[in-house]
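Asks: Below is a structure I'd like to ask you about.
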Amino acid sequence: MARPVIEPFRIKVVEPIKITTPAERRALLADARYNLFSLRAEDVIIDLLTDSGTGAMSAEQWSAVMRGDESYAGAKSYFRLQEVVRELTGMEHVLPTHQGRAAERILCAVVPLRGKVVLSNGLFDTTRANIEVAGGAGIDLPAADALTAHRPFGGDMDLARLDEHLARHEGSIAFVVMTVTNNTMGGQAVSLGNLRAVAERCRRARVPLVLDACRFAENAYRIQRDEPGMRDTPLSEIARAMFDVADVFTMSAKKDAIVNMGGLLGVRDGALAEAVKVNLILTEGFPTYGGLAGRDLDAMAQGLREVLDPHYLEYRYAAARYLAKRMEDDGLVVVQPAAAHAVYLDAGAALPHLAPSDLPGQSLACALYLAGGLRSCEIGELMFGPGEGRRQLVRLAIPRRVYTQSHIDYVGAVAEDVARVRHQLPAMRILSAPAHLRHFSAALEPATPFPEFDA
Ligand code: F0G
């Protein structure tokens, strides 16, 4: 019999989970006005809201915290981080920031964006917002069937559409962003072939290429596993090949650097790096700490050393694939292949009795909480507002090194209970919402009561 893929770590410190009853959760969810962001984390049994900043640091990372050098300028911690990042990415200039969106904001402040466009395989929402605030416009160019075609690299950019947009916007393209993995497209991976083809077109068009690299290790693992001819290439070489195509990278270190807070901006060009440093000093801090404590820089350096462990990435992807298959077998509709960092459910397809304006994603997310205390995240009409052809997704993101296989089995069992009553899940109505980013604080209610769930 095939042996199970095990968690390649032992547990040294534990955090208790409070177990709630269905009746308690019914009251808690009503108090939270059916908005999962309004719940207290301690009232959640398995928290799959995000994989960002929610990972568990290793013993070596905690040791690195003690080595942190808190000097204002030129701290040893910075040079240790610089060395690791230069080796990993080949980028000369390495600037820490307090998280990913700060790196994006600085890039968008120093590169002229007014009246310009940014082309992408899929901009994350903070990246898009930073581009728009700077006066630019973001255009996503994924394959039209990216979420339904079930190709191994559904995160790729559509090259024909890229050619068309490079010609159409000639002279007014600020840069191209490749997001790896493509979080807005079901977290799907991007092939090295696609990255290189995009880079070649950017070079010919003299347009800089930016890598949004927050899940670079998970993407590298998928290239090694599923891209023809890559099986024997070491993960570090694949990661380097991904960074080699880019002129700049931004990165939320809260994902694949496995720290709870932090970000990075990497730049090849010396003149751009100088402009970035001026803005960094103004808004984040001196370039050798960039809004973080020295100990954070050391933890980040150590996390970047650990994340390309093939056993860790194999275990992580195996857990996501297992959960995706189990949910699909139960009758839920899953974006395939699963992302390494999350399972994305297609609530619109699983709850066909609800229209997009009935917020099927929010209904499904609330049901997962009521049934088993799971916290997931709607990525559909509640988050983005109405949109032609928008899919109504629910993301169950898996924190790094936090949950075991029995937790994943529990999530599967809860989903099975919800799948059984999916045709009875109610429409959701918005009672009040702010004008921007409404999903964080909207108050909602179900149009009819949710079905009862057993403990
Ligand atoms: N880019 C991508 C692809 C992301 O997924 C995120 C964050 C960011 C940039 C911004 O990084 O949060 O450190 O400022 N994604 C989180 C998520 C919030 O839940 O997917 P940040």
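Asks: Take the Cβ-Cβ distance between Arg10 and Phe440 as r, set R0 to 35 Å, and report the resulting FRET efficiency rounded to the nearest 0.05.
Replies: Approximately 0.45, to the nearest 0.05.
Asks: Highest mean first, what order results for 110-117, 236-243 on Cβ atoms within 10 Å?
Replies: Descending packing order for the listed peptides: 236-243, 110-117.
Asks: Antiparallel versus total DSSP beta bridges in the chain: what percent is that, nearest 5?
Replies: So the antiparallel bridges in the chain amount to around 60 percent.
Asks: If packing is taken as the average number of other Cβ atoms within 10 Å across a peptide's residues, how do 344-351, 216-223 rank, most packed first?
Replies: Final packing ranking: 216-223, 344-351.
Asks: Could you give the dipole magnitude of the chain about its Cα centre, charging the beta-carbon of Lys and Arg +1 and that of Asp and Glu -1, in debye to the nearest 20?
Replies: Roughly 380 debye, rounded to the nearest 20.
Asks: Okay, next question. Rounded if a/c is under 1.5, else prolate if a/b beats b/c, else oblate: with a ≥ b ≥ c from the C-alpha gyration tensor eigenvalues square-rooted, which is the range 59-306?
Replies: oblate
Asks: Listed highest first by mean packing, meaning other Cβ atoms within 10 Å per residue, what order do 244-257, 37-50 come in?
Replies: For the peptides 244-257, 37-50, the packing ranking is 244-257, 37-50.
Asks: Tell me, in nm to one decimal, what length is gained between Asp454 and Arg67 on full extension, where the rule is 0.36 nm per residue of separation less the Cα-Cα distance? Could the numbers behind the result be given before it?
Replies: On the way: separation 387, 0.36 × 387 = 139.32 nm, distance 4.92 nm.
Fully extending the segment from Asp454 to Arg67 adds 134.4 nm.
Asks: Also: Which of Val248, Ala220, Leu166 sits farthest toward the positive end of the charge dipole of the range 59-306, with +1 on the Cβ of Lys and Arg and -1 on the Cβ of Asp and Glu?
Replies: My answer, from the dipole projection, is Leu166.
Asks: Answer rounded, prolate or oblate for the range 1-149, using the Cα gyration tensor with square roots of eigenvalues a ≥ b ≥ c: rounded when a/c is under 1.5, else prolate when a/b is larger than b/c, else oblate. Let's see the in-between values first.
Replies: Numbers: a/c = 1.73, a/b = 1.17, b/c = 1.47.
It comes out oblate by the Cα gyration axes.
Asks: How much net charge surrounds Ala75 when only the other residues with a Cβ under 14 Å from the Cβ of Ala75 are counted, with Lys and Arg +1 and Asp and Glu -1?
Replies: -1
Asks: What part of the accessible area of the range 59-306, given as a whole %, is carbon or sulfur when the probe is 1.4 angstrom?
Replies: Result for the range 59-306: 52 percent of the exposed heavy-atom area is carbon or sulfur.
Asks: Assuming R0 = 51 Å, can you tell me the calculated FRET efficiency for the pair Glu24 and Arg204, based on Cβ-Cβ distance, to the nearest 0.05? All intermediate terms of the calculation are to be shown ahead of the outcome.
Replies: Values: r = 60 Å, r/R0 = 1.18.
E(calc), rounded to 0.05, equals 0.25.
Asks: Per residue, how much accessible area does the range 59-306 show when a 1.4 Å probe rolls over the protein heavy atoms, in square angstrom?
Replies: Working: 9610 Å² over 248 residues.
Spelled out: the 1.4 Å probe surface of the range 59-306, per residue, equals 39 Å².
Asks: OK, next. Placing unit charges on C-beta atoms (Lys and Arg positive, Asp and Glu negative, everything else neutral), compute the dipole magnitude of the range 59-306 about its Cα centre in debye, rounded to 20.
Replies: That gives the range 59-306 a dipole magnitude of about 240 debye.
Asks: What's the lysine pair count for the chain at a Cα cut-off below 29 Å, pairs eight or more apart or interchain?
Replies: The result is 14.
Asks: While we're on this one: For the range 4-48, list residues with backbone N below 19 Å from a point placed 7 Å from the Cα of Ala447 toward its Cβ?
Replies: It comes to 34-35, nothing else.
Asks: Which of the three applies to the chain, rounded, prolate or oblate, going by the alpha-carbon gyration tensor with a ≥ b ≥ c and a/c under 1.5 meaning rounded?
Replies: On the way: a/c = 1.57, a/b = 1.34, b/c = 1.17.
Taking the square roots of the gyration eigenvalues as a ≥ b ≥ c, the chain is prolate.
The values are calculated or read from the model by the stated rules, or taken from the named source; none is laboratory data. Please read all numbers here as calculations on a predicted model, not as lab measurements. Note: ideal-geometry Cβ built from the backbone for every residue, glycine included; neighbour counts use all protein chains shown. To get the accessible areas, we keep the full protein, side chains included, count just its heavy atoms, and leave off ligands, DNA and RNA. Shrake-Rupley method; radii C 1.70, N 1.55, O 1.52, S 1.80 Å.
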